[in-house]
1. Within the range 177-189, how many residues are surrounded by 24 or more Cβ atoms within 10 Å (Cβ to Cβ) and more than 22 Å from Ala252 (Cβ to Cβ)?
2. Of the conditions (1) closer than 30 Å to Cys439 by Cβ; (2) touching a Pro at 6+ places or on another chain (Cβ under 8 Å); (3) surrounded by fewer than 24 Cβ atoms within 10 Å (Cβ to Cβ), Val130 fails just one. Which one is it?
3. Would you tally the residues in the range 227-243 being within 30 Å of Ser194 (Cβ to Cβ), part of a loop (DSSP other than H, G, I, E, B) and in contact (Cβ under 8 Å) with a residue 24 or more places away in the chain?
4. Taking the range 109-140 on its own, how many of its residues are outside any loop (DSSP other than H, G, I, E, B) and either charged (D, E, K, R) or outside the structural domain of Ala61 (by TED's automatic domain parsing) (or both)?
5. Scan Thr318, Thr290, Thr322 and give me the residue that is under 13 Å from Phe429 (Cβ atoms), surrounded by fewer than 18 Cβ atoms within 10 Å (Cβ to Cβ), modelled with pLDDT of 50 or more and out of contact with any helix residue (DSSP H, G or I) (no Cβ under 7 Å at 6 or more places or on another chain).
Amino acid sequence: MTIDSLLQPFQHFGVHLGLERIVKLLANLGNPHHQVPVIHVAGTNGKGSVCAYLSSILTKAGYRTGRYTSPHLVDWTERISLNEQPISSEEFCQLLLQVKAAISPEESPTQFEVITAATWLYFAQAKVDVVVVEVGLGGRLDATNVCSKPLVTIITSISREHWQVLGPTVADIAREKAGILKLGCPAVVGPLPSEAEEVVRSRALELQCPVIVPQLSQSISPGWAEYQTIQNSKFIKYPLPLLGQIQLTNSALALAAIEVLQAQGWEISEEAIIKGMANTKWLGRMQWTTWRNHKLLLDGAHNPAAAQVLRDYVDSLTPPLTPPPQSPLLRETLLQQRGEPPHGAALRKQGGETTEQSVSWVMGMLSTKEHGEIFKILLRPNDRLYLVPVPDHSSANPGELAKLASDICPELSFCHTYPDLLSPLEVAFASGDNLVILCGSLYLVGHFLGSTQARGDHS
């Protein structure tokens, strides 16, 4: 018996937002969600890293801390952790059996609802002190939105994603995200577009929610930031292990939430904050890894806002990283095998000198994403683009993506499709490309991490 086999019967129900099914299911399980204090985190981007910061800090502060996030990259067990350690497969299976036994014959919960019910059950049984919960989709009708009095709610960011489900405008999406706000519960809110901010503040006013909008943290040296507290304007210097300018925002949101908890009587020292921030990990988001002795950057970048964050980070890399030199014979052989032009085609002129282009994108995207907008943000003249399908998901057609990318950025030095992920990585590194980035879908990043771990060719 495996997690996959237990969850498979619920997969065909797909995304079906609504609280009626999860409320009934949790009632059949004894309402475990009422037994644990909750921090609830919504947002288009940034919610996962905010959850990671909070979980790490609270664990270092000595609290028995649960965390629930989605999606997973490699294994289902990544979604549920206790004190920064993922649940075991055996425990997960036992919980799923308990949940299945509690499902009424006339009910058809979705896969996410079943996992969410198992999560609440796990944390109640484990008697955790606090749980950090990431919204799955939207907020108002998400299966996680079953707690009437969270300790604090957080809305990290709002932009146009999942509009097919949440509504066509940013204001529509904001109404769904603001659905996690609860009567009188403090809300920490990140920088929002004006139309989204208006919706969130209006809802917060209706519910008498104190709204906290922290100042963004400031970078003080590579890998270090400084946060000014809201309560007494004290400065806290802390390590910032997650990459990208956006983490100055995300870490400030997490620290503002910590301030709310401190005001409620939670004992969280500055030492716990510093150690917690230092230990924060969040796979697949602006993550450098090594693949066959080459440096490779991984990032989901699955919507325009996330793509902009990645582009900003790439633009900050000076000079571009250069991988170890490759054998010219190996390089030319691989290029010939893949039907690519010789390496000289990837050269460009800068200030009268011919230099190698700096960015090679290995990309796959889901069919539902805004492909053109993502390409407009990421691609630059003389970039190289390697397009692949996203395995086991509703993938955009690589050939159609190639045509779109070429229309949007006709000055690409190379644009080619591949049936799998391994081939373009081999070619990109054999071509001596300076900076290779795998992005476009968290599911594609997860596929890379899972398959390369299995082969042992990445660390």
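1. 0
2. Among (1) closer than 30 Å to Cys439 by Cβ; (2) touching a Pro at 6+ places or on another chain (Cβ under 8 Å); (3) surrounded by fewer than 24 Cβ atoms within 10 Å (Cβ to Cβ), the lone unmet condition for Val130 is (1).
3. Counting residues in the range 227-243 that are within 30 Å of Ser194 (Cβ to Cβ), part of a loop (DSSP other than H, G, I, E, B) and in contact (Cβ under 8 Å) with a residue 24 or more places away in the chain gives 6.
4. Qualifying residue count for the region: 2.
5. On inspection, the qualifying residue turns out to be Thr290.
A quick yes/no check of all residues on (1) more than 30 Å from Asp299 (Cβ to Cβ); (2) touching a Cys at 6+ places or on another chain (Cβ under 6 Å); (3) modelled with pLDDT under 95; (4) not hydrophobic (A, V, I, L, M, F, W, C):
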| residue | (1), (2), (3), (4) |
| --- | --- |
| Gln85 | no, no, no, yes |
| Ser89 | no, no, no, yes |
| Ile103 | yes, no, yes, no |
| Ala117 | yes, no, no, no |
| Trp120 | yes, no, no, no |
| Gly139 | no, no, yes, yes |
| Ala143 | no, no, yes, no |
| Leu151 | yes, no, no, no |
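Let's see how each residue does on (1) in a loop (DSSP other than H, G, I, E, B); (2) surrounded by 21 or more Cβ atoms within 10 Å (Cβ to Cβ); (3) out of contact with any Lys or Arg (no Cβ under 7 Å at 6 or more places or on another chain):
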position	(1), (2), (3)
Ile158	yes, yes, no
Pro191	yes, no, yes
Ala196	no, yes, yes
Arg201	no, no, yes
Gln215	yes, no, yes
Ala225	no, yes, yes
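Table: residues versus (1) of a type in the set (S, T, N, Q); (2) surrounded by 15 or more Cβ atoms within 10 Å (Cβ to Cβ); (3) in contact with an Asp or Glu (Cβ under 8 Å, 6 or more places away or on another chain); (4) not in a helix (DSSP H, G or I).
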{"residue": "Gln11", "(1), (2), (3), (4)": "yes, no, no, no"}
{"residue": "Gly18", "(1), (2), (3), (4)": "no, no, no, yes"}
{"residue": "Arg21", "(1), (2), (3), (4)": "no, yes, yes, no"}
{"residue": "Leu26", "(1), (2), (3), (4)": "no, yes, no, no"}
{"residue": "Ile39", "(1), (2), (3), (4)": "no, yes, no, yes"}
{"residue": "Thr44", "(1), (2), (3), (4)": "yes, yes, yes, yes"}
{"residue": "Ala52", "(1), (2), (3), (4)": "no, yes, no, no"}
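The values are calculated or read from the model by the stated rules, or taken from the named source; none is laboratory data. Remember, predicted model here, so these are calculated numbers, not experimental data. Reconstructed Cβ throughout: ideal geometry from the backbone, glycine too, with neighbour counts over all protein chains shown.
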